[in-house]
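The values are calculated or read from the model by the stated rules, or taken from the named source; none is laboratory data. Because the structure is predicted, anything quoted here is derived from the model rather than measured. Every residue, glycine as well, gets a Cβ built from its backbone with ideal geometry; the counts of neighbours run over all protein chains shown.
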Amino acid sequence: MIQLSTIDYILIISFFAITLFVGVFVSKKSGKSASEYFLSGRNMPWWLLGLSMVATTFSTDTPNLVTDIVRTNGVSGNWVWWAFLLTGLLTVFVYAKLWRKSNVTTDIEFYELRYGGKPAKFLRSFRAVYLGIIFNILAMAGVTLAAIKIGGIMLGLEPWQTVVVAGLVTVVFSALGGFKGVVYTDFILFFTAMAGAIGAAYYLVGLPEIGGLEKLLAHENVTDKLSLLPDFSNTEALITLLIIPLAVQWWSSWYPGAEPGGGGYIAQRMLAAKDENHAIGATFFFNIMHYALRPWPWIIVALASLVLFPDIASIHKAFPNVAESKLGHDLAYSAMLTKLPAGLLGLVLASLAAAYMSTISTHLNWGSSYVVNDFYKQQIHKDASEKELVTVGRISTVVLMVLSALLALVLQNALQLFDIILMFGAGTGLIFILRWFWWRINAWSEISAMLVSGVVSMVLTFTSLGEVLFGFDGVLPAWAKFPFIVSITTIAWVVVTYLTPAENTLVLQSFYQKTQPGGPGWAKIITDANKEGADITTQSESWSVPSGIIAMLLGCVLIYSCLFAVGYWIYADYTLAIGLTLLAIIAAFLLKRVWSKVKANIL
């Protein structure tokens, strides 16, 4: 356990005071209506929303997760989440403007815009509970688990003490300030979190035990962890860490913050943007910061931890007060932070609190928006006043916090939860991508995909069948488990799509007229509408999706080049660093030329 100095306490207390002040300050305006409480009147600029997205995904469990990955599979193991850049940029250049055109309050409301009848109503309500409560609680529990580990390692706090202290401040300003309070505090939280992460990495590498960056990179515990790509001679590692994430995972799996086709709290911010261009600008800025720049301070600390704490046993020896049920490689990040000096320690603790509060507050407001707009207002009280909706939103915010905190007390590590969430969403992603561009997808397609994915995942994860089919003694290798779930789910929803009736023609025509997705997948609907004398096409320009896909690919080259270039500058491999930097510049130039074709000029 570390001892905090006076300056540490001043920094931490000041930080909490500022965030609470923001929540109270905006509470009056946020409480005027549900639209203000959940979307801040749809008038947010791209840069503020972009910073909010970055701050939201800068959670306490993220450095722990990255540390776990680096210590277990090396730097290249991060491809398990780096691959989500593809779906992130597809959202930027294809789906962001569609979401903003839809003008829905939540992405769940989309279901009754795209589909019709009782299946659409059921899907909307069920997804509100499924995502807004169940999955949302899982995600928040992972973040709270990380806070518990940090509190245990650095401050010697019991799990319940961490939950009470960290959760209480967060739930107060989230419930009072609504979405505007979340976004405004995210602005503060972003810079606090970045300063803490970079400051910690810089100081820890200079510790006498580490001896500087050059010695760190040459250390025997570190050298085999440095590669940015998996060992191509290790087939299993190559398939698990690179091929599956890039070939299957990015488009097939639902994960908070990286939903194929956009969704969740990313969609919430796009819907709160001033217009389509601000929605695109916000998501593009987020992807650059999230993938290209932010991971490296965490990676450096993770590598340094291999010198001081080479295995879990060494962590346990140094911190015997930590319960064995919470031991894991992810604890190494918190263990390293105990080496920080006064002042910097206070800043880093404030930055970790910032990371926690930003993520939790976003999840609370986002999940509460589902409960209020897509469940309470639809199923319980359709004529509820704006004041009543805000009140329900605040109550549901508190309930979600309590439930996620209770679950966090029984979890063990962040990577465990990450894998579970990926499995439960396996196979559903393709629907989220295609439903905008193929008229034949209906509500039953989504219902079947959700149910089949959930059931198959539970059976393979929590019964002996998973061990029989996959693993060391299984029929198939362990890496085949995820593609297997994706295949079964995809086959199931495609079959159900053709076995069930198409959506009502009027519903499809109305959806097309409002969002204008374009493409050959809507040719039949447009033709039928023309025969009836209805013109549902309101735009004269050519279909922007091909240009959007080109922009997506160029964006991937740009951001991956930046990610790798930063890594090789750190590694002092200047030939590769310079080459990748030049490639990033070329990709940026080409992307700027293509960008205008997808109406994304935000300058």
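Step by step: first the residues of segment 115-155, then only those that are among the charged types (D, E, K, R) and surrounded by fewer than 24 Cβ atoms within 10 Å (Cβ to Cβ), then the one that is nearest to Ser351 (Cα to Cα). Which residue is that?
Arg127
So, of the residues in segment 87-121 that are among the polar types (S, T, N, Q) and not in a helix (DSSP H, G or I), which turns out to be modelled with the highest pLDDT?
Among those that are among the polar types (S, T, N, Q) and not in a helix (DSSP H, G or I), it is Asn103.
Among (1) within 25 Å of Gly142 (Cα to Cα); (2) surrounded by fewer than 21 Cβ atoms within 10 Å (Cβ to Cβ); (3) at pLDDT below 80, there is one condition Leu451 misses while meeting the rest; what is its number?
Condition (3) is where Leu451 drops out.
With the requirement that a residue be within 20 Å of Thr338 (Cβ to Cβ) and in a helix (DSSP H, G or I), what does segment 212-236 give you?
Leu216
Hey, among Ser40, Ser27, Ser35, Ser59, which residue is in the same structural domain as Pro230 (by TED's automatic domain parsing), outside any helix (DSSP H, G or I) and modelled with pLDDT under 80?
Step by step, each of Ser40, Ser27, Ser35, Ser59 is checked, and only Ser59 is in the same structural domain as Pro230 (by TED's automatic domain parsing), outside any helix (DSSP H, G or I) and modelled with pLDDT under 80.
Please go through segment 494-547 and pick out each residue that is acidic (Asp, Glu) and part of a loop (DSSP other than H, G, I, E, B).
Across segment 494-547, the qualifying residues are Glu503, Glu532, Asp535, Glu541.
Pick out the one residue from Lys514, Lys524, Lys481 that is among the basic types (Lys, Arg) and over 26 Å from Thr87 (Cβ atoms).
Lys524 is the lone residue from the list that is among the basic types (Lys, Arg) and over 26 Å from Thr87 (Cβ atoms).
Restricting to segment 310-322, what's the tally of residues that are touching a residue at least 12 places away in the same chain (Cβ under 8 Å) and either under 23 Å from Ala408 (Cβ atoms) or assigned to a helix (DSSP H, G or I) (or both)?
Of the residues in that region, 6 qualify.
In segment 252-285, what residues are under 24 Å from Ala139 (Cβ atoms), assigned to a helix (DSSP H, G or I) and either aliphatic (A, V, I, L, M) or at pLDDT below 85 (or both)?
Ser252, Gly264, Tyr265, Ile266, Ala267, Gln268, Arg269, Met270, Leu271, Ala279, Ala282, listed by residue number.
Is there any pair with a first residue in segment 376-404 that is free of Cβ contacts under 8 Å to residues at least 12 places away in the same chain and a second that is of a type in the set (Lys, Arg) whose Cβ atoms are under 7 Å apart and which are 6 or more apart or on different chains, and what are they?
Qualifying pairs under 7 Å: Ala384/Lys377.
List the number of the failed condition for Phe93; all other conditions in (1) closer than 21 Å to His363 by Cα; (2) surrounded by 22 or more Cβ atoms within 10 Å (Cβ to Cβ); (3) in contact with a helix residue (DSSP H, G or I) (Cβ under 7 Å, 6 or more places away or on another chain) hold.
Among (1) closer than 21 Å to His363 by Cα; (2) surrounded by 22 or more Cβ atoms within 10 Å (Cβ to Cβ); (3) in contact with a helix residue (DSSP H, G or I) (Cβ under 7 Å, 6 or more places away or on another chain), the lone unmet condition for Phe93 is (1).
Is it fair to say Ala588 is more than 20 Å from Leu229 (Cα to Cα), among the hydrophobic types (A, V, I, L, M, F, W, C), at pLDDT below 95 and touching an Asp or Glu at 6+ places or on another chain (Cβ under 9 Å)?
no
Kindly establish whether Trp595 is within 30 Å of Ala443 (Cβ to Cβ), aromatic (Phe, Trp, Tyr) and in contact (Cβ under 8 Å) with a residue 24 or more places away in the chain.
No: the conditions fail for Trp595.
Out of contact with any strand residue (DSSP E or B) (no Cβ under 8 Å at 6 or more places or on another chain) and closer than 24 Å to Thr185 by Cα, is that true of Thr359?
It is true that Thr359 is out of contact with any strand residue (DSSP E or B) (no Cβ under 8 Å at 6 or more places or on another chain) and closer than 24 Å to Thr185 by Cα.
Considering only segment 170-211, state which residues are of a type in the set (D, E, K, R) and not in a helix (DSSP H, G or I).
Hit for segment 170-211 is Glu209, nothing else.
Do we find that Val486 is surrounded by 14 or more Cβ atoms within 10 Å (Cβ to Cβ) and under 19 Å from Arg440 (Cβ atoms) in this structure?
Considered against the rule, which asks whether it is surrounded by 14 or more Cβ atoms within 10 Å (Cβ to Cβ) and under 19 Å from Arg440 (Cβ atoms), Val486 comes out as no.
Of all residues in segment 96-109, count the ones that are crowded, with 24+ Cβ neighbours inside 10 Å and either under 19 Å from Ser253 (Cα atoms) or of a type in the set (Gly, Ala, Ser) (or both).
Number satisfying all stated conditions: 3.
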